[in-house]
Amino acid sequence: MSQTPAPRPSPDPDRETDLLVQDPNLPPVALDPAVAEAEERKWTPTKIAIWIGVALLGGVSWSIIAFVRGETINAIWFVFAAVCTYFIAYRFYSKYIENKLTRPNDLRATPAEYKADGKDYVATDRRVLYGHHFAAIAGAGPLVGPVLAAQMGFLPGTLWIIFGVVLAGAVQDYLVLFFSMRRGGRSLGQMAREELGVVGGTAALIATLTIMIIIVAILALVVVNALGESPWGVFSVAMTIPIALFMGVYLRFLRPGKVSEVSIIGFVLLMAAIVAGGWIAETDWGVAIFTLERTTIAWGIIVYGFIAAVLPVWLLLAPRDYLSTFMKIGTIVMLAVAIVLVRPEINVPAFSEFAGRVDGPVVPGSLWPFLFVTIACGALSGFHALISSGTTPKMVQKERQTRFIGYGGMLMESFVAIMALVAAISIDRGIYFAMNSSAAVTGGTVEGAVAFVNSLGLAGVNLTPDMLTQLAQNVGEESVVSRTGGAPTLAVGLAQIMQGLIGGLSMMGFWYHFAIMFEALFILTAVDAGTRVARFMLQDTIGNFVPKFKDVSWRPGVWISTAIMVAGWGYILILGVTDPLGGINTFFPLFGIANQLLAAIALAVCLAIAAKRGAFKYLWIVAVPLAFAAVITIWASILKIFSPDVRVGYWANNAAYRDALAAGETSFGNATSVAEMEAVVRNTTVQGTLSIVFVVLTIIVIATSIMATIKAWQRGGGASHEEPATVSATYAPAGLIATPAERELEKQWNALPDELRLERAHHHHGRRP
């Protein structure tokens with residue numbers, strides 16, 4: 001079994017500061033709390049004016065979005081409402097959580113300092129780590145969920161993405177990161193085992209592993225749908241792999257440490273891959289080679305997923321991270337600037353016809369509770385808890401940086417979701433529904449799509465065949481009908497906004513494939529990271545029975561664990577690709593539910609830890625998002641399991657198709673053959689069974705967490721599983737930009753003589769004083 005340190009009484013931060021005595025030969029390793037507080041409380045007239053300006057701009061933007069009901073609304077207000085809310089939440093609410101709940105202490109060394117090994121535990125500059133962390137958490141969720149949820153109108157999605165992240169998503173990411181760092185970088189599963197006991201811990205571990213399989217499978221399904229029958233897309237995305245490998249070799253052997261140099265080369269090569277893809281897609285041989293069936297692409301991603309997860313990190317994962325971080329943050333900022341300059345008008349209603357109905361063609365189910373599980377990652381994501389308790393806590397330099405990386409990183413992800421929503425609602429509503437309705441209802445043809453969309457009876461929608469063929473021609477694709485999964489819709493939205501700024505219609509094909517490449521990079525990074533994290537978790541679990549598996553350098557253990565995880569998500573991926581009901585349309589709700597249940601599990605673990613720390617007055621910070629996530633997601637799960645409506649309930653759908661097969665029918669609903677009917681029965685069985693397993697495990701975890709919280713409340717606190725405090729021998733500022741007092745302290749550290757600095761670099765290397 002893994003060695004768990006014996007629990008100790010909960011630490012008192014003030015007493016700890018008295019006990020930790022730093023090396024007198026070094027400048028201070030932490031900012032004096034009195035100085036930090038004085039700096040924070042100093043409100044100059046300029047500072048007051050700036051914050052009043054931010055609050056006013058935010059207030060005006062929100063009132064226009066929420067209350068003004070004209071013919072159209074300008075997209076610029078979404079950008080302003082989001083950015084102003086994020087600034088206020090980060091400055092005030094996250095600071096409140098830091099002061100009252102986490103109470104970081106920079107006198108303490110982080111695991112990156114006292115366990116430094118040059119491999120997993122590496123103290124990393126906060127700005128670089130922010131990029132790493134953001135690249136790892138930002139998968140397809142913030143891009144896809146908001147696009148699918150746009151069928152319900154713009155207001156519900158906007159409200160949940162922005163307020164959900166402030167009160168739930170960023171809180172979870174920050175707390176999990178902080179608590180894991182205090183425990184030497186332990187995983188969510190290990191923390192659950194320590195805090196919730198055997199039953200809760202085991203349930204959390206099984207849930208985490210199975211949910212990971214679903215999450216990675218659906219992420220991969222989005223890539224498959226974006227690249228299916230798209231030679232331009234397939235070529236450009238395939239080229240990112242040799243480009244990343246070249247960057248890895250370049251950084252490792254040719255020019256070690258030249259990160260900015262290799263990033264510029266990588267970016268130029270990426271742009272070249274997009275342009276070359278356009279030329280190749282116009283040649284006969286290019287079309288013949290790169291037009292691939294979706295099943296072929298799925299098998300390609302499965303093979304890629306296995307290889308990427310067993311290769312050394314420096315060869316593919318790290319250079320791919322640099323590439324995708326630049327692309328991600330760069331593209332989102334570029335899109336935000338373009339929206340402010342182009343100011344697209346939006347004619348989608350605040351609440352659409354489908355907000356109160358269950359028969360939405362994009363994702364079935366009514367606004368309550370399905371909006372929340374559809375948007376998923378942009379507001380609250382359980383997947384992030386695995387990253388926040390995986391690689392990131394092992395790389396944090398100083399405790400106070402966790403707020404910037406955890407809370408701040410999630411705000412950036414929410415901004416991605418808002419940009420995705422704006423891109424989706426800025427395109428014509430008729431085109432939106434033609435692109436996102438499954439081929440089962442549109443027949444995959446322009447005529448079928450036009451007939452289906454116009455039959456929906458949507459206000460102000462009059463789709464013509466010309467609109468769809470012209471759009472396909474503009475973006476350089478054969479067809480845009482039934483390109484489900486959200487990624488192509490986002491690409492069309494981005495291309496329309498960007499061509500208004502740069503290049504006009506002739507550049508639309510470039511911008512469309514630029515967006516597809518941007519999304520595929522996002523997603524493949526998450527597939528890599530997800531498979532790797534899942535492999536570590538599986539090795540840790542098997543290691544409880546076969547200790548050899550715990551050794552992460554033992555190659556057979558690595559290969560076997562990776563193969564098991566890849567087989568798991570690969571099976572679900574193939575089911576999704578061959579699903580007659582449209583794959584993403586039926587599997588995405590399961591992805592959303594699984595992801596939100598994992599978030600509930602993470603928040604439940606945080607609740608128990610906060611209670612054991614004796615922070616009862618501030619438990620509401622965790623309890624409110626936990627209660628909301630648990631109620632909404634368990635409600636959605638129950639509807640998916642028990643609803644008699646075949647459009648919503650997995651088992652109702654399963655029974656309808658089984659009965660049709662038993663009656664000897666050869667086609668039923670959207671299935672046109674017996675094989676397709678059997679596929680629906682098989683898929684709904686998998687979906688229904690997983691829904692039951694996930695919700696039962698989550699309820700067990702939440703119940704054990706509440707019991708642990710009550711027990712801690714009765715005792716006035718509980719045993720702590722934090723690692724013993726070690727005094728730090730290094731210093732770094734806490735946020736993106738150093739404050740004047742932090743800069744002053746940095747000067748003292750930079751003025752250290754070389755021999756002392758060398759000594760400091762080797763200080764505590766992997767040992768405790």
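Bear in mind that the values in this text are calculations on the coordinates, not laboratory data. These figures come from a predicted structure and were not determined experimentally. Ideal geometry is used to build each Cβ from the backbone, glycine not excepted, and the neighbour counts take in all protein chains shown.
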Under 5 Å, built H, 5+ apart or other chain: amide partners of residue 727: 109
Residues other than residue 585 with Cβ under 11 Å of its Cβ, Lys/Arg counted +1 and Asp/Glu -1, net out at 0
Please give the direction-averaged projected area of the C-alpha convex hull for the range 110-169, in square nanometres with one decimal. 5.6 nm²
Going by amide H atoms built from the backbone, whose H comes under 5 Å of the H on residue 720, apart from near neighbours? 8, 10
Pairs 115/747; 47/747; 119/328; 95/747; 119/550: which are spaced more than 19 Å apart, C-alpha to C-alpha? 115/747; 47/747; 119/328; 95/747
Give me, ordered by chain and number, the residues 5 or more places off residue 476 or on other chains with an amide H under 5 Å from its own placed amide H. none
The range 110-127 - phi-based ³J(HN,Hα) in whole Hz, Karplus 6.51/-1.76/1.60, Gly and Pro as x: 8, x, 4, 8, 7, 10, 3, 9, x, 10, 8, 9, 9, 5, 10, 3, 4, 6
Which one is right for this structure if Rg/Rh (Cα atoms, Kirkwood Rh) is calculated from it: (1) 0.99; (2) 1.09; (3) 0.96? (3)
Ordered by residue, what ³J(HN,Hα) values in Hz, to whole numbers, does the range 607-612 give under the Karplus form 6.51 cos²θ - 1.76 cosθ + 1.60, where θ = phi - 60° and Gly and Pro are x? 4, 4, 5, 4, 5, 5
May I ask you to list the lysines whose Cα is less than 18 Å away from that of residue 100, ignoring any residue fewer than eight positions away on the same chain? 612, 617
Total formal charge among the other residues, if their Cβ is under 13 angstrom from that of residue 74, Lys/Arg +1 and Asp/Glu -1: -1
The range 320-330 - phi-based ³J(HN,Hα) in whole Hz, Karplus 6.51/-1.76/1.60, Gly and Pro as x: 4, 4, 4, 3, 6, 5, 4, 4, 5, 5, x
